[in-house]
Amino acid sequence: MYVGFDDTDSTDGMCTTFLATEFIREFSDFDILGFPRLVRLNPNVPWKTRGNAAVCIRLGEGKGNPMVIGRIAGEGIQAYRKGTPAEPTEEVFERAKKLIDRWAMFGDPKTNPGLAISSRKPHPGLYWKAVRHVVELKPHLEAANPDFCHGWKNRRGLIGAVSAMAWTPRDRTYE
């Protein structure tokens, strides 16, 4: 299961990557498959809050030996290189929405969160379009066709959420 989210920060604070730690805490009943994905999108979109990054975390049941990918509150966070993806459910979707409701900076007019959850990875071309162009929400979302999605305010964060799911990791960034 791919869980993508974006645009929860503001010009005054918060950070979408911080929210990734809260997702990892909330969904500790699942294993993390691969590294959480921090993707940078087109830095020239006029409505970005700050750096225009989105996050995707892949959840399921890990197979093989886990690797430590970081620490939260001094505790090692493990991920698996391979595993069986979990199937998205309404219960998972509601839990994820509550996290965004709790942490997103809704008072900033540029903050427009998006959450997308899918059992399948969208086509990588969606990521590349969001890096190289200013894309429209409706066709981008229709092409991704996530199992569950929710956008707050003008819903533009859904562009980043589905784009983060569509990215094919070839290298890693660390934050």
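The values are calculated or read from the model by the stated rules, or taken from the named source; none is laboratory data. Keep in mind the model is a prediction, meaning the values are calculated, not measured. In this analysis, Cβ positions are derived from the backbone assuming ideal geometry, glycine residues included, and neighbour counts consider all displayed protein chains.
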Taking only pairs six or more apart or across chains, which ones have beta-carbon atoms under 6 Å, a first residue in region 23-36 that is more than 18 Å from ILE100 (Cβ to Cβ) and without any contact (Cβ under 8 Å) to a residue 60 or more places away in the chain, and a second residue that is among the aromatic types (Phe, Trp, Tyr) and buried (at least 19 other Cβ atoms within 10 Å of the Cβ)? ASP31/TYR80; LEU33/TYR80
Those residues of region 98-109 which are crowded, with 17+ Cβ neighbours inside 10 Å and not aromatic (Phe, Trp, Tyr) amount to LEU99, ILE100, ALA104, MET105, ASP108
Please indicate, with yes or no, whether at least one residue in region 65-85 is closer than 28 Å to LEU137 by Cβ, out of contact with any Pro (no Cβ under 6 Å at 6 or more places or on another chain) and crowded, with 19+ Cβ neighbours inside 10 Å. no
Every residue from region 57-72 that is modelled with pLDDT of 95 or more, over 17 Å from the mean Cα position of the chain (by Cα) and either of a type in the set (A, V, I, L, M) or part of a strand (DSSP E or B) (or both): GLU61, GLY62, LYS63, MET67, VAL68
Assess whether ALA116 counts as being assigned to a strand (DSSP E or B), buried (at least 17 other Cβ atoms within 10 Å of the Cβ), of a type in the set (A, V, I, L, M, F, W, C) and within 16 Å of the chain's Cα centre (by Cα). yes
Filtering region 1-48 for residues that are part of a loop (DSSP other than H, G, I, E, B), surrounded by fewer than 19 Cβ atoms within 10 Å (Cβ to Cβ) and touching a helix residue (DSSP H, G or I) at 6+ places or on another chain (Cβ under 6 Å) leaves a count of 1
Specify which of the listed residues (LEU141, LEU99, LEU158) is of a type outside the set (Asp, Glu) and out of contact with any Asp or Glu (no Cβ under 8 Å at 6 or more places or on another chain). LEU141
Looking at (1) exposed (fewer than 12 other Cβ atoms within 10 Å of the Cβ); (2) not in a loop (DSSP other than H, G, I, E, B), can you tell me which one ALA54 breaks? (1)
The condition of being out of contact with any Gly (no Cβ under 6 Å at 6 or more places or on another chain) and within 18 Å of ALA130 (Cβ to Cβ) holds, among TRP103, TRP47, only for TRP47
Which of the residues belonging to region 66-116 are among the small types (Gly, Ala, Ser) and under 15 Å from ARG25 (Cα atoms)? GLY70, ALA73, GLY74, GLY76, ALA79, ALA96
Hey, among ARG155, ARG95, which residue is outside any loop (DSSP other than H, G, I, E, B) and not small (Gly, Ala, Ser)? ARG95
